[in-house]
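What follows is a single structure, written as structure tokens, with notes after it.
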Amino acid sequence: MGGPEGTKQMSEAALDFESDPYVAKHPQSRPFWAAAAHGQFLLPRCNSCERVHWYPRPFCPLCKSQSVDWVPASGHGVVYSFSVMRKAEQPYVLAYVQLAEGPAMMTNIVDAEFDSIHVGQPVKVAFRGAETGRSVPVFTPI
Amino acid sequence: MSATSKAYIAGAFEHPTRYAPTKSIADLHFECAQGALADAGLTFADVDGYFCAGDAPGASPAWLADYMNLQLRHLDGTEAGGCSYLLHIAHAAEAIAANKCSVALITLSGKPRSLGVATGTAVRQIPPERPDAPWEIAYQPTIVAVNAMFAKRHMYEFGTTREQLAWIKVAASHHAQHNEHALLRNVVTVEDVLNSPVIADPLHRLDCCVITDGGGALVVTRPEIAKSLKRPLVRIAGCGETVKTQTGGYIDLTRTGAAASGAVAFAEAGIKPADVKYASVYDNFTIMVLIQLEDLGFCERGKGGRFVADGNLISGVGKLPWNTDGGGLCNNHPANRGGMTKAIEAVRQLRGEAHPAVQVRNCDLALASGPGLVMGTGQNHATVILERE
């Protein structure tokens, strides 16, 4: 494994996600990354308890049902908490975004003035290429 | 009577070094083991149970048992991050009660300072096969930024302030001035904390613990052996442990596993938070102390900021003497794992062997508590309650 992974602009990243070790080690997650490569945000939804969970598993961690389907996300959420990581070569924003579908996820807030970000702020999904190949969901203020 | 109430901490040793470039991690484990056994008045030949965690070279008891040539009939390599050693106290007591061993040795050591590890600010390395890895690593999570998000949310929900968080560091520094081995012995003010550089908003440099080489060890034994030794009797009165999961994404960043581990430990000991005379609470970051104090029941939920302010954690000044060795914020954080030193200072207090300037009078009940590992919003957690007999 190399150094800090970080993200890069989405140029050719969409095409090489299959060789990404973070995809290869988790075969059941492939549909998520295939959709993400095309800018589509999927969420795992349980057919039994009808709840969405995060991070995705092929079973529902809430009720343990193995009947879970990928469903398109609204792409909307609010900032649950965040921190501007100042002591970094290039400061960035680590955050938890609470999705409109219920769960919260770790992510980055991008294309935002650091000082304008606040808890409760509405955000929408965008995608950035991770260095190892897959595209990951990030969020930007609405 | 529960299993854990039948064992005693007979030996405790904190390695005096904070920088050990010329020693191996295994050597430091040996020196800590030697120190704790000498403190108890026991020898390596008495040890029949051995406990260590992920800091042990090889991440298994096997390599250090071989290195120290221990003759064992019980071993436990439970890895729960920084609180591992608090879990080991509980597990050792259980093993002794089950007659699996009589003298249990617990060791910790590490050299992050001499190895130049940027513990809190480096992006966490997550092996690709770990289930959370694909969903977190690309966002460059650091330990300090994750803790900063706890702080930000607590401020949002309860109005907690940076000044209140700073009081936790101020208390640690008041204690550390009396500890000749502490890495940072200067007394600091709230202003000093707020004027230190922002690392991850809202946490400043002085909200973060130190990075040190060193280690520590404990010896846990059965009542008849403990009572045959010359040391004061420190009984393991109650223990709790848990993993606070991320609950499938339905998170709460204003609580820790301390609520669960603390409740179990208090129930087992049959005491209330108000009975505790001294508390060691793991201080990797100021915010983590504040939330654990709420979760453990020392104050109401959301009121931790007011509880820690104005010196309430300073021995001889406030209501809850806390981390009187200077804690991880000022004294020592060997191997980036704070559970061991928390137990050791609690033992010192119960024996009446803390520095006279910070010794709590009539200290008969103490608590040691802390988190371990960082799994996004979740963590391991362990609490131990100790009683002077």
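The values are calculated or read from the model by the stated rules, or taken from the named source; none is laboratory data. Only a predicted model underlies this, so the values are computations on that prediction, with no experimental measurement involved. Please note: Cβ atoms are built from the backbone with ideal geometry, for glycine as well, and neighbour counts cover all protein chains shown. Only protein heavy atoms, including side chains, enter the accessible area calculation; ligands, DNA and RNA are left aside. Shrake-Rupley method; radii C 1.70, N 1.55, O 1.52, S 1.80 Å.
The lone criterion from (1) assigned to a strand (DSSP E or B); (2) β-branched (Val, Ile, Thr); (3) over 24 Å from A:GLN90 (Cβ atoms); (4) within 14 Å of chain A (Cβ to nearest Cβ) left unmet by B:ILE236 is number (4). Among the residues of region A:70-84, are any within 25 Å of A:HIS118 (Cβ to Cβ), facing chain B (nearest Cβ under 8 Å) and either open to solvent by 20 Å² or more (accessible area, probe 1.4 Å) or touching a Cys at 6+ places or on another chain (Cβ under 9 Å) (or both)? No: region A:70-84 contains no residue that is within 25 Å of A:HIS118 (Cβ to Cβ), facing chain B (nearest Cβ under 8 Å) and either open to solvent by 20 Å² or more (accessible area, probe 1.4 Å) or touching a Cys at 6+ places or on another chain (Cβ under 9 Å) (or both).
The one condition from (1) more than 24 Å from B:PHE150 (Cβ to Cβ); (2) of a type in the set (D, E, K, R); (3) open to solvent by 20 Å² or more (accessible area, probe 1.4 Å) that A:ARG134 does not meet is (3).
For region B:351-373, the criterion of being out of contact with any Leu (no Cβ under 8 Å at 6 or more places or on another chain) and modelled with pLDDT under 95 is met by at least one residue. Restricting attention to region B:159-199, which residues are polar (S, T, N, Q) and within 14 Å of B:THR324 (Cβ to Cβ)? Result: B:SER173, B:GLN177, B:ASN179. Scanning region B:211-228 for residues that are assigned to a strand (DSSP E or B) and surrounded by fewer than 24 Cβ atoms within 10 Å (Cβ to Cβ) returns no hits. Residues that are outside any loop (DSSP other than H, G, I, E, B) and in contact with a Gly (Cβ under 8 Å, 6 or more places away or on another chain) within region B:290-328 comprise B:LEU290, B:ILE291, B:GLN292, B:LEU293, B:GLU294, B:ASP295, B:LEU296, B:GLY305, B:ASP310, B:GLY311, B:GLY327, B:GLY328, listed in sequence order.
Taking the listed residues B:PRO197, B:PRO232, B:PRO223, the one that is out of contact with any Asp or Glu (no Cβ under 6 Å at 6 or more places or on another chain) and without any contact (Cβ under 8 Å) to a residue 60 or more places away in the chain is B:PRO197, with no other qualifying. Does any residue of region B:259-271 turn out to be open to solvent by 40 Å² or more (accessible area, probe 1.4 Å), within 14 Å of chain A (Cβ to nearest Cβ) and either farther than 28 Å from B:CYS52 by Cβ or assigned to a loop (DSSP other than H, G, I, E, B) (or both)? So far as region B:259-271 goes, no, none of its residues is open to solvent by 40 Å² or more (accessible area, probe 1.4 Å), within 14 Å of chain A (Cβ to nearest Cβ) and either farther than 28 Å from B:CYS52 by Cβ or assigned to a loop (DSSP other than H, G, I, E, B) (or both). For region B:350-389: of the residues being touching a Pro at 6+ places or on another chain (Cβ under 6 Å) and in a strand (DSSP E or B), which is surrounded by the fewest Cβ atoms within 10 Å (Cβ to Cβ)? So, considering only residues that are touching a Pro at 6+ places or on another chain (Cβ under 6 Å) and in a strand (DSSP E or B), the one surrounded by the fewest Cβ atoms within 10 Å (Cβ to Cβ) is B:GLN379. Within the option set A:GLU50, A:GLU131, being more than 9 Å from chain B (Cβ to nearest Cβ) and over 13 Å from the mean Cα position of the chain (by Cα) holds for one residue only, A:GLU50. Going through (1) buried (at least 21 other Cβ atoms within 10 Å of the Cβ); (2) touching a strand residue (DSSP E or B) at 6+ places or on another chain (Cβ under 8 Å); (3) more than 8 Å from chain B (Cβ to nearest Cβ) one by one, A:ALA35 falls short only on (1). Within region B:248-294, restricting attention to residues that are among the polar types (S, T, N, Q) and touching a Pro at 6+ places or on another chain (Cβ under 8 Å), the residue that is nearest to B:ASN380 (Cα to Cα) is B:THR256. Is it the case that region A:91-110 has a residue that's within 7 Å of chain B (Cβ to nearest Cβ), open to solvent by 10 Å² or more (accessible area, probe 1.4 Å), in contact with a Leu (Cβ under 8 Å, 6 or more places away or on another chain) and not in a loop (DSSP other than H, G, I, E, B)? Yes, there is a match, as at least one residue in region A:91-110 is within 7 Å of chain B (Cβ to nearest Cβ), open to solvent by 10 Å² or more (accessible area, probe 1.4 Å), in contact with a Leu (Cβ under 8 Å, 6 or more places away or on another chain) and not in a loop (DSSP other than H, G, I, E, B).
Output the number of residues of region B:137-172 satisfying the condition of being among the basic types (Lys, Arg) and either open to solvent by less than 10 Å² (accessible area, probe 1.4 Å) or not in a helix (DSSP H, G or I) (or both). Of the residues in region B:137-172, 1 are among the basic types (Lys, Arg) and either open to solvent by less than 10 Å² (accessible area, probe 1.4 Å) or not in a helix (DSSP H, G or I) (or both). Here B:THR383 meets each of (1) more than 17 Å from B:LYS272 (Cβ to Cβ); (2) under 16 Å from the mean Cα position of the chain (by Cα) with one exception, condition (1).
Looking at region A:64-87, which of the residues that are more than 18 Å from the chain's Cα centre (by Cα) and not in a strand (DSSP E or B) is farthest from B:TYR250 (Cα to Cα)? Applying the filter and picking the extreme gives A:LYS87. None of B:SER102, B:SER114, B:SER109 is more than 14 Å from chain A (Cβ to nearest Cβ), small (Gly, Ala, Ser), under 22 Å from the mean Cα position of the chain (by Cα) and open to solvent by 10 Å² or more (accessible area, probe 1.4 Å) except B:SER114.
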